[in-house]
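Reading through the structure tokens given below for one structure.
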Amino acid sequence: MDQKMRLNPIICVSLLTLLAVSNLYAQGTSGYEILRLQTQPRGSSLGGALIADAGHIEDCFYNPAGLTALTERTATAGFMNYLMDIESGHGAYIDPRQSWGTWGFTISYTNYGDFDGRSPTGVDLPTFSASDIVLGAVFARKIRDDISVGGSLKFVQSDIADYTGRAFALDLAGQIILIENQLRLGAGIFNMGSVIKAYDSYKDDLPLNYSFGIWGMPEGLPANLFLSFTMYHEYADNYSLAGVTGSDFVDFLQDFYIGAGAEFHPAEMIYFRFGYNTIGLDQRVDTRKDALAGICFGIGFDANVLRLDFGLASHGELGFVQRLSLSKAF
């Protein structure tokens, strides 16, 4: 009985985490869901489609190769008011001044709050808490004027009551400019790695995923356009390169999560952003709010000395998630 009582906090929080976080991304079989979570307002308001974005500090979370377009040291910090009173946030510092490349560090955290413990028989247990934190070191470098590569090494710690899990994850990505100031491609592999300390005896897989996409600024259109395709490893295992034909090809496409966004710059200091991610299809529960699931938008104010970004994303019946961040170049 005592062993069951000690395991109960893990069961409770694991179910809560999967319920909340899976509404941003695919429900999979991996653990460490904080690695799927978007906390950045600009990226989330553009449908998470920043794999080919460059020159912004939030690229350290979406594609580190884009950091080579930064020209000044930049720092950012942000906060997200998530579902079910879960709070999350992020911070980053990037320095592009060295001739050997651009470097920096990142931090992301999620606080799930306090929970009333219960045994399987309903006996009260002490209150417990849960939290996740990710610490990252980022590096990016230009290989040629039109090609950049980057990577991020991340340490992840997840705490649930008296249990702790730890893991290391690695991101590797690149970008290529096809048309200067008009067209750029990006691709990467994210969350490669393994668990170094499990909660108990079973080690979860990390949410390994593959992503590629495009950024463009068509002539005559005052907007940056973004498009990305992401597949998680648990779905990619169902296919082989030689076997994706016919109806299998349709299933293959449906297992990609597609993000799209547009960023308008109507005035010197103002940005308007709109986006959509097909994760909204997984958030439908047959209510009137289904039509909003996956839709996101945001606004940015850039006063040169300080940039303020706000994002709002719909999760259908579960409601809206708000994100806010401040960034400064110096």
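Just so it is clear, none of the values below were taken in a lab; they were calculated from the coordinates. For clarity, every value in this text was computed on a predicted model and none was experimentally measured. Here Cβ is always computed from backbone atoms with ideal geometry, including for glycine, and neighbour counts include all displayed protein chains.
If each residue of separation counts as 0.36 nm, what is the full-extension length gain between Phe105 and Arg284 once their alpha-carbon separation is subtracted?
Working it through step by step, the gained length comes to 60.8 nm.
What's the local net charge at Leu206, with K and R +1, D and E -1, over the other residues with C-beta under 12 Å away?
For residues surrounding Leu206, the net value is -1.
Arg118 versus Asp162, label points 7 Å from Cα toward the beta carbon: distance in nm?
Going by the 7 Å Cα→Cβ label model, 2.2 nm.
Tell me which chymotrypsin sites (Phe, Trp or Tyr not before Pro) from region 71-116 have a DSSP coil assignment and no more than 14 other beta carbons within 10 Å of their own.
Passing both the DSSP loop test and the Cβ count: Trp100.
Along Cα→Cβ, 7 Å out, is where each label goes; now give me the distance between the ones at Phe301 and Leu135 in nm to one decimal.
Label-label distance for Phe301 and Leu135, simple model: 3.5 nm.
Could you give the length gained on full extension between Glu72 and Phe272, defined as 0.36 nm per residue of separation minus the Cα-Cα distance, in nm?
Length difference between fully extended and current span is 69.6 nm.
Could you tell me which residue out of Phe190, Gly213, Ile177 lies farthest along the dipole of region 106-229 toward its positive end? Charges go on the beta carbon: Lys and Arg +1, Asp and Glu -1, centred on the Cα centre.
Of the listed residues, the answer is Ile177.
Ranked by Cβ crowding within 10 angstrom, fewest neighbours first, how are Val305, Val321, Val195 ordered?
By the 10 Å Cβ count, ascending: Val305, Val195, Val321.
Take Glu33, Glu180 and order them by how many other Cβ atoms sit within 10 Å, fewest up front.
Placing the least packed residue first, the sequence is Glu180, Glu33.
Fewest to most neighbouring Cβ within 10 Å: what's the order for Leu153, Leu46, Leu208?
By the 10 Å Cβ count, ascending, the order reads Leu153, Leu208, Leu46.
Quick one: net charge around Trp215, please, counting Lys, Arg +1 and Asp, Glu -1 for every other residue with C-beta under 12 Å from its C-beta.
Its environment carries a net charge of -2.
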